[in-house]
Amino acid sequence: MKIYEAKDYREMSRKAANILSAQIILKPDCVLGLATGSTPIGTYDQLVDWYKKGDLDFAEVKTVNLDEYRGLARDNDQSYYYFMHSHLFDRVNIKPENTNVPDGMAEDPAAECERYEALIQSLGGVDIQLLGIGHNGHIGFNEPGTSFAKETHCVDLTQRTIEANKRFFPSVDDVPKQAISMGIKTIMRAKKILLIASGEEKADIVAKAFFGPVVPEVPASILQMHDDVVVVADSAALSKIPR
Ligand code: GLP
């Protein structure tokens, strides 16, 4: 695992965007695994800037997103489908048919999970997976205690995650209680993983996940076992790692 320190959120976003753009330049038809949350917004903004300057071309790029809330329609502005379109897909020349987000409205969620997992395999797997990290160490929506052997599955969100995400909804009761998420096994199959973290409120979990024991109680800790992981974090998020 390589850890790159950035001085602040802006520099973290720029470094992360550099790594993703290198992937796109090296393999124009690559499969990007993408993430939502507030952390990647600056990374997406930077990619859009470079696209507008003519330095990046998304014409052949394919994407698979990590997760989606259950029960939110695509046009709900809190769905991850909506998030990806407004922060990235609608701002670059990616083909909509090359973008994939799990269907949170699927009537049969188990069948949707199976379809999504098969889709990732059929694309040849993920070349680089972007990840954020939840305060409890979740990646995607793999909450503490989830088996490392899970593929794409339906998840019950923990109270902590519901609380953390309520800032985006009118009230806590409006936060969905379930999601469809790539599993840890799905994430670990990515050829390369790029995890980004920013801010002091992530410092404890960053130290625990990357310098503590590898245990399902800290889902992100499994990344210590992947042979190509890059963590790009700002100084605040790295302030509690052993030096
Ligand atoms: C959500 C997403 C995760 C994300 C996490 C952290 O729960 N499912 O993929 O990493 O939030 O979000 P933030 O970047 O806003 O701290």
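Readers should treat all values here as calculations from the given coordinates under stated rules, not as data from a laboratory. The structure displayed is predicted, hence computed values, not measured ones. Don't worry about glycine lacking a Cβ; one is built from the backbone with ideal geometry, like all the others, and counts go over all protein chains shown.
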Legend entry - Relative packing of peptides 42-55, 79-92 - highest average C-beta neighbours within 10 Å first: 79-92, 42-55
Legend entry - Proxy reagent accessibility, fewest Cβ within 10 Å first, across Cys154, Cys113: Cys154, Cys113
Legend entry - Whole-Hz couplings from phi, Karplus 6.51/-1.76/1.60, listed for segment 15-29; x for Gly and Pro: 5, 4, 5, 4, 5, 5, 5, 4, 4, 5, 5, 5, 9, x, 9
Legend entry - Contact order relative to length of the chain, as percent, for alpha carbon pairs under 8 angstrom and 6 or more apart: 25
Inset, instruction - Under 1.5 on a/c is rounded, so check that first for segment 32-127, then, if it is not, pick prolate when a/b is larger than b/c and oblate when it is not; a ≥ b ≥ c are the square roots of the alpha carbon gyration tensor eigenvalues. - result: oblate
Inset, instruction - Evaluate the relative contact order of segment 98-172 (contact order divided by residue number), counting alpha-carbon pairs under 8 angstrom at least 6 apart; express in whole percent. - result: 25
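Which shape class, rounded, prolate or oblate, goes with the chain when its Cα gyration tensor gives a ≥ b ≥ c as root eigenvalues, a/c under 1.5 marks rounded, and past that a/b bigger than b/c marks prolate?
It is rounded, given that a/c, with a ≥ b ≥ c, falls under 1.5.
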Inset, instruction - Could you sort 137-144, 97-104 so that the peptide with the highest average Cβ count within 10 Å comes first and the rest follow in order? - result: 137-144, 97-104
Inset, instruction - Quote the relative contact order of segment 28-140 in percent (integer), defining contacts as alpha-carbon pairs under 8 Å separated by 6+ residues. - result: 36
Inset, instruction - At a Cα cut-off below 26 Å, give the lysines reachable from Lys185, other chains included and same-chain residues fewer than 8 away excluded. - result: Lys2, Lys27, Lys62, Lys150, Lys177, Lys202, Lys208
Inset, instruction - Would you mind calculating the gained length between Ser21 and Asp228 on full extension (0.36 nm times residue separation, minus the Cα-Cα distance), in nm to one decimal? - result: 72.8 nm
Legend entry - Cβ-based net charge around Ser86, under 12 Å, with every Lys or Arg adding one and every Asp or Glu removing one: -2
Inset, instruction - If a/c stays under 1.5 just call it rounded; otherwise compare a/b with b/c (prolate if a/b is bigger, oblate if not). Do that for segment 155-243, with a ≥ b ≥ c from the square roots of the Cα gyration tensor eigenvalues. - result: oblate
